[in-house]
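Please read the structure below before turning to the comments.
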């Protein structure tokens with residue numbers, strides 16, 4: 001994926017994005033989505049085909065329909081990328097192809113939260129995956145890093161509460177060590193990209209993502225585009241009030257999404273009731289066995305989750321929600337309660353909300369970071385005029 005003469009136009013970039021997400025996709029569908037004539041579509045796709053980024057796939061034509069159509073798809077082996085998901089404790093990485101399909105993965109525990117230590121961990125992961133895949137020099141096209149917090153221009157981590165960071169030029173630091181382009185993104189945004197590309201909602205042009213884990217996250221896709229604002233990364237979905245009699249979150253909000261659904265809060269609630277510390281897996285095991293105190297906590301979480309999904313469906317006007325995150329196992333003991341709560345807060349004549357549960361763990365987050373790197377590589381690509 002080298003450079004050529006002219007910067008890619010917005011239309012060419014949109015074409016590349018659609019083929020990445022939806023390929024193999026017919027030219028007729030691409031023309032409809034982009035508002036392009038067949039001639040314009042041919043002109044825009046030609047450089048991608050000539051440089052081996054796109055391929056034409058054969059599609060048999062119905063009897064008497066003339067020549068078979070040739071849908072466009074990406075050549076998945078045209079580049080290799082690494083995506084890294086950073087948490088407060090670990091760095092989880094995935095090596096992917098051009099469609100963000102996972103080829104290998106690796107994980108490292110963070111020694112501490114010092115910037116230099118985290119950079120060392122990410123660099124080590126990238127080198128480990130490159131060596132395992134026997135990548136030649138120049139074969140790695142880019143690295144994406146997702147992080148819980150705020151990111152400016154996909155270059156600087158302006159705020160990362162789980163790491164205690166402010167204004168860290170992480171992309172520059174990593175590029176100086178790795179010698180390849182690096183793109184940063186908020187982790188929930190990157191996960192939403194992952195769900196759009198290859199998750200259970202792939203092909204749906206409007207859906208929401210709710211993540212349950214160390215915190216509570218919310219992502220949104222509208223008109224086939226991931227929605228971001230300057231406040232993306234603040235975790236505003238975690239402040240949504242859900243239960244007026246619930247516990248307080250760290251910011252003093254009673255019964256908000258973070259207080260009701262985050263792993264630390266759920267563990268703290270049952271721990272207080274039992275008079276001892278409990279792990280998240282123990283909370284779920286006790287609830288599954290019918291322990292009354294554990295069931296009380298997980299049932300309250302289920303009702304809160306259902307209400308949150310109803311708010312999202314009602315206000316964003318989506319009927320598909322993907323539930324993900326390291327705490328998604330809550331669904332096993334509270335899913336029915338959540339669905340009942342969701343139904344209560346919806347108009348009975350409203351379209352039923354489809355809930356997909358993505359339990360792939362950090363692999364989806366890391367592949368989302370890789371997808372961000374792929375998008376960044378395409379944005380920087382220069383094509384012949």
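The values are calculated or read from the model by the stated rules, or taken from the named source; none is laboratory data. Predicted, not measured: the structure shown is a model, and the values here were computed from it. Neighbour counts run over all protein chains shown; Cβ positions are idealised from the backbone, glycine included.
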Assess whether residue 42 counts as being touching a strand residue (DSSP E or B) at 6+ places or on another chain (Cβ under 8 Å), modelled with pLDDT under 90, outside any strand (DSSP E or B) and surrounded by fewer than 19 Cβ atoms within 10 Å (Cβ to Cβ).
no
Which of the residues spanning region 128-169 are out of contact with any helix residue (DSSP H, G or I) (no Cβ under 8 Å at 6 or more places or on another chain) and under 17 Å from residue 107 (Cα atoms)?
128, 129, 130, 131, 132, 133
Filtering region 212-226 for residues that are in a loop (DSSP other than H, G, I, E, B) and buried (at least 20 other Cβ atoms within 10 Å of the Cβ) leaves a count of 2
Mind checking which residues of region 178-211 are within 20 Å of residue 91 (Cα to Cα) and surrounded by fewer than 24 Cβ atoms within 10 Å (Cβ to Cβ)?
178, 179, 180, 181, 189
Answer with yes or no whether residue 156 is under 17 Å from the mean Cα position of the chain (by Cα) and either surrounded by fewer than 19 Cβ atoms within 10 Å (Cβ to Cβ) or within 27 Å of residue 123 (Cα to Cα) (or both).
no
Looking at region 219-237, which of the residues that are touching a strand residue (DSSP E or B) at 6+ places or on another chain (Cβ under 6 Å) and modelled with pLDDT of 95 or more is farthest from residue 150 (Cα to Cα)?
221
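Working carefully through the options 318, 333, find the one that is in the same structural domain as residue 287 (by TED's automatic domain parsing) and under 22 Å from the mean Cα position of the chain (by Cα).
Details: 333 fails: under 22 Å from the mean Cα position of the chain (by Cα).
Checking each option against the conditions leaves just 318.
Please tell me if residue 136 is within 19 Å of residue 95 (Cβ to Cβ), buried (at least 16 other Cβ atoms within 10 Å of the Cβ) and at pLDDT below 95.
So residue 136 fails the test.
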For residue 380, work out the one condition from (1) closer than 23 Å to residue 20 by Cβ; (2) surrounded by fewer than 20 Cβ atoms within 10 Å (Cβ to Cβ); (3) at pLDDT below 95; (4) within 20 Å of the chain's Cα centre (by Cα) it doesn't fulfil.
(4)
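Identify, from the list 367, 303, 346, 307, the residue that is surrounded by 15 or more Cβ atoms within 10 Å (Cβ to Cβ), in contact with a strand residue (DSSP E or B) (Cβ under 6 Å, 6 or more places away or on another chain) and touching a residue at least 24 places away in the same chain (Cβ under 8 Å).
Numbers: 303 fails: in contact with a strand residue (DSSP E or B) (Cβ under 6 Å, 6 or more places away or on another chain); 346 fails: in contact with a strand residue (DSSP E or B) (Cβ under 6 Å, 6 or more places away or on another chain); 307 fails: in contact with a strand residue (DSSP E or B) (Cβ under 6 Å, 6 or more places away or on another chain).
From the options 367, 303, 346, 307, the qualifying one is 367.
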Residue check, residue 19 against (1) modelled with pLDDT of 90 or more; (2) within 30 Å of residue 188 (Cβ to Cβ); (3) outside any helix (DSSP H, G or I), all met but one. Which one?
(3)
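Scan region 273-280 and tell me whether some residue there is farther than 30 Å from residue 157 by Cβ and not in a loop (DSSP other than H, G, I, E, B).
We begin by selecting, within region 273-280, every residue farther than 30 Å from residue 157 by Cβ; these are 273-278.
Subset that is not in a loop (DSSP other than H, G, I, E, B): 273-274.
The answer is yes; a qualifying residue exists.
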In region 227-245, is there at least one residue being crowded, with 22+ Cβ neighbours inside 10 Å and part of a helix (DSSP H, G or I)?
yes
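Output yes when any residue across region 1-15 is under 30 Å from residue 148 (Cβ atoms), more than 22 Å from the chain's Cα centre (by Cα) and either surrounded by 12 or more Cβ atoms within 10 Å (Cβ to Cβ) or at pLDDT 90 or above (or both), and no when none is.
So the first thing to find is which residues in region 1-15 are under 30 Å from residue 148 (Cβ atoms), and the list is 1, 13-14.
Retained after the next criterion (residues that are more than 22 Å from the chain's Cα centre (by Cα)): 1.
Of the ones still in play, those that are also either surrounded by 12 or more Cβ atoms within 10 Å (Cβ to Cβ) or at pLDDT 90 or above (or both) are 1.
Yes, because at least one residue in region 1-15 is under 30 Å from residue 148 (Cβ atoms), more than 22 Å from the chain's Cα centre (by Cα) and either surrounded by 12 or more Cβ atoms within 10 Å (Cβ to Cβ) or at pLDDT 90 or above (or both).
Please find, within region 140-153, the residue that is surrounded by the fewest Cβ atoms within 10 Å (Cβ to Cβ) out of those that are more than 18 Å from residue 101 (Cα to Cα) and touching a residue at least 24 places away in the same chain (Cβ under 8 Å). Walk me through how you get there before you give the answer.
Taking region 140-153 as the starting set, the residues that turn out to be more than 18 Å from residue 101 (Cα to Cα) are 147-153.
Next, only the ones that are touching a residue at least 24 places away in the same chain (Cβ under 8 Å) stay: 147-151.
Numbers: 147: 26, 148: 24, 149: 23, 150: 19, 151: 27.
Checked region 140-153; the qualifying residue surrounded by the fewest Cβ atoms within 10 Å (Cβ to Cβ) is 150.
Conditions (1) at pLDDT 95 or above; (2) outside any helix (DSSP H, G or I); (3) closer than 16 Å to residue 237 by Cβ, marked per residue:
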residue	(1), (2), (3)
311	yes, no, yes
337	yes, no, no
346	yes, yes, no
356	yes, yes, no
375	no, no, no
385	no, yes, no
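Scan region 98-130 residue by residue and report those that are in a loop (DSSP other than H, G, I, E, B) and either modelled with pLDDT of 95 or more or surrounded by fewer than 15 Cβ atoms within 10 Å (Cβ to Cβ) (or both). Explain how you work it out, then say what you get.
Filtering region 98-130 down to residues in a loop (DSSP other than H, G, I, E, B) leaves 98-101, 110-114.
Within region 98-130, 101, 110, 111, 112, 113, 114 meet the criteria.
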Can you tell me which condition residue 185 does not meet? The list is (1) under 10 Å from the mean Cα position of the chain (by Cα); (2) part of a loop (DSSP other than H, G, I, E, B), and all the others hold.
(2)
